[in-house]
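First the structure, in the form of structure tokens, and then the observations on it.
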Amino acid sequence: MSFQKSLFIPLAAFLAMTIFLGFGFQLENAKVLPSALIDKPLPNFQLRDLQSGQMLRSADDLIGEVALVNVWGTWCPNCVIEHPQLLKISREQNIKIFGINYRDNNVEAKKWLKKYKDPYAFSVSDDEGTLAIDLGVYGAPETFIIDKSGFIRKRHVGPVNAKVWKEELKPVVDHLRGLEE
Amino acid sequence: MKFSWMLFVFLVSRGTVLASIDAYPFPNKELTDRYEELISELRCPQCLNTNLAGSDAMIAQDLRREVHRMLIEGKTNEEVLDFMYYRYGDFVLYNPRFDLKTLALWLSPFLLFILAGFIWLKTVRTEKETLPWEEEDEKKFNEILESRSD
């Protein structure tokens with residue numbers, strides 16, 4: 001009998017490998033890094049306000065209510081694609097969107113916002129990408145949801161479209177707002 | 001012949017890929033070596049399978065600058081790796097840390113080794129057990145042969 005059982009060992013090993021590799025390859029396919037910053041406070045920073053070019057902004061200026069933090073740049077094609085959706089959210093959803101203008105030319109960035117309209121409460125100029133690094137950003141666009149105490153509760157990598165907003169972001173925003181009441 | 005040329009070009013071009021363009025000045029050889037070591041064991045977050053040394057991605061350039069800054073400030077290798085780990089998680093380390101999430105990764109080779117040893121022992125034992133059977137089988141076999149030859 002034991003001889004027959006041992007016949008299944010290769011099959012079991014094969015199945016185990018299939019399951020492990022299956023999980024492994026799925027992780028790589030998703031091309032999305034799990035964020036190391038979920039449930040951690042928004043990192044502090046001192047960056048210039050994009051529009052004024054003078055005023056310094058810090059993390060405290062973003063904290064107070066549930067809000068979106070969007071990393072964008074004029075060099076980023078997907079940022080143009082997601083822009084109409086951000087405008088729609090800022091118009092219809094009564095939620096503040098803060099912009100992090102990532103490694104960009106300030107003049108070009110201001111022109112860009114004039115051309116495509118500005119959905120942001122304000123944007124800060126992250127010329128060296130230091131705030132982006134503190135946020136674990138590795139490309140643009142990326143969108144974070146912070147709660148009213150300034151803790152990062154959600155991160156989305158890639159453009160925000162109607163589907164992403166409805167299925168991934170809005171439920172988190174609604175949940176966080178529900179907790180406040 | 002054509003193939004060996006292709007192989008030659010491939011091997012030569014690989015070397016150039018691993019060299020980063022920006023050169024940061026360091027006051028001494030020890031820091032330069034540590035810089036090279038760190039950027040070769042940190043993975044570029046954007047490129048899935050290139051280290052910081054071998055990537056031209058914007059984020060890799062920025063992270064190399066940060067590694068340089070931290071080394072000049074006198075940070076230890078451990079502090080630099082912590083900085084990256086805190087922001088980019090396990091992905092950024094080519095030498096992953098031992099914790100609950102990477103437990104399977106670290107322990108599976110040992111478990112597989114033990115399992116293989118167990119299977120090997122079992123096979124050896126069952127082979128020994130089947131030896132007396134073979135004698136009986138041979139008897140039966142001879143009987144069949146004899147009955148056939150009639």
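Could you put A:Phe20, A:Phe98 in order, starting from the residue whose Cβ has the fewest other Cβ atoms within 10 Å? Write down the numbers at each step before the final one.
Numbers: A:Phe20 12, A:Phe98 20.
Going from sparsest to densest Cβ surroundings: A:Phe20, A:Phe98.
Could you name the lysines in cross-link range of B:Lys140, using Cα to Cα under 30 Å and dropping any fewer than eight places away on the same chain?
A:Lys5, B:Lys122, B:Lys128
Which one, B:Leu71, B:Gly54, B:Trp120, projects farthest toward the positive side of the charge dipole computed for the stretch B:48-138 from Cβ point charges (K/R +1, D/E -1)?
B:Leu71
Give me a single rounded figure for A:130-140: the average over its residues of other chain Cβ atoms within 10 Å of their Cβ.
The per-residue average across the peptide is 5.
Run lengths n ≥ 4 of DSSP H only: what is the helix-derived mean residue ellipticity at 222 nm for chain A, with -39500 (n - 2.57) per run over all residues, to the nearest 500?
Working: 6 runs with 70 residues, N = 181.
The helix-only estimate for chain A comes to -12000 deg cm²/dmol at 222 nm.
Using DSSP to call loops (not H, G, I, E or B), can you name the GluC sites (Glu not before Pro) in the stretch B:54-150 whose Cβ has at most 15 other Cβ atoms within 10 angstrom? All intermediate terms of the calculation are to be shown ahead of the outcome.
Numbers: sites: B:Glu66, B:Glu73, B:Glu78, B:Glu79, B:Glu127, B:Glu129, B:Glu134, B:Glu135, B:Glu136, B:Glu138, B:Glu143, B:Glu146; in loops: B:Glu73.
Here the GluC sites (Glu not before Pro) that fit, given the DSSP loop and packing criteria, are B:Glu73.
At 0.36 nm per residue, minus the direct Cα-Cα distance, what do B:Ala57 and B:Arg125 gain on full extension? Give it in nm, one decimal, please.
Values: separation 68, 0.36 × 68 = 24.48 nm, distance 5.67 nm.
Gain on extension, B:Ala57 to B:Arg125, equals 18.8 nm.
Please average, across the residues of B:48-60, the number of beta carbons from any other chain that are within 10 Å of each residue's own beta carbon, and give a whole number.
On the way: counts 3, 1, 0, 0, 0, 0, 0, 0, 0, 2, 9, 9, 1.
For this peptide, the per-residue mean of nearby foreign Cβ atoms is 2.
Test of understanding: ordering B:Tyr35, B:Tyr85, A:Tyr102, B:Tyr94 by Cβ neighbours within 10 Å, fewest first, what list do you get? Intermediate results must be reported in sequence, preceding the final value.
Details: B:Tyr35 21, B:Tyr85 17, A:Tyr102 32, B:Tyr94 12.
So the residues, fewest neighbours to most, are B:Tyr94, B:Tyr85, B:Tyr35, A:Tyr102.
Fewest Cβ neighbours within 10 Å first, please rank B:Arg34, B:Arg64, A:Arg153 accordingly. Let's see the in-between values first.
Details: B:Arg34 18, B:Arg64 22, A:Arg153 15.
Ranked by crowding around the Cβ, least crowded first: A:Arg153, B:Arg34, B:Arg64.
Any idea what angle helix A:106-116 forms with the longest principal axis of chain A, computed on alpha-carbon atoms, 0 to 90 degrees, nearest 10?
Long axis of A:106-116 versus the principal axis of chain A: about 80 degrees.
In the stretch A:104-142, whose amide N lies under 14 Å from the spot 7 Å out along Cα-to-Cβ of A:His175? List them in ranges.
Under cut-off, by backbone N: nothing.
Using a Förster radius of 41 Å, what is the FRET efficiency between B:Glu138 and B:Leu112 based on their Cβ-Cβ separation? Nearest 0.05, please.
Details: r = 38 Å, r/R0 = 0.92.
Working from the Cβ atoms, E equals 0.60.
Within 10 Å of each Cβ of B:81-90, how many other protein chain Cβ atoms are there on average? Numbers along the way, then the final one.
Details: counts 0, 0, 2, 3, 1, 6, 12, 9, 7, 3.
Across the residues of B:81-90, the mean count of other-chain Cβ atoms within 10 Å is 4.
So which of A:Lys88/A:Lys163; A:Lys40/A:Lys88; A:Lys111/A:Lys163; A:Lys115/A:Lys163 end up more than 23 Å apart by C-alpha?
Numbers: A:Lys88/A:Lys163 13 Å; A:Lys40/A:Lys88 28 Å; A:Lys111/A:Lys163 29 Å; A:Lys115/A:Lys163 25 Å.
Flagged as over cut-off: A:Lys40/A:Lys88; A:Lys111/A:Lys163; A:Lys115/A:Lys163.
Return one number: the angle in degrees, 0 to 90 and rounded to the nearest 10, between the long axis of the Cα atoms of helix A:77-92 and the longest principal axis of the Cα atoms of chain A.
70 degrees
Could you state the angle between the C-alpha long axis of helix A:9-30 and the longest principal axis of the C-alpha atoms of chain A, as a value from 0 to 90 degrees rounded to the nearest 10?
With both axes taken from Cα atoms, the answer is about 10 degrees.
None of the figures in this text is laboratory data; all of them are computed from the coordinates on show. This is a predicted model, so every value here is computed, not measured. For neighbour counting, all protein chains shown are included, and Cβ atoms are generated from backbone atoms with ideal geometry for every residue, glycine included.
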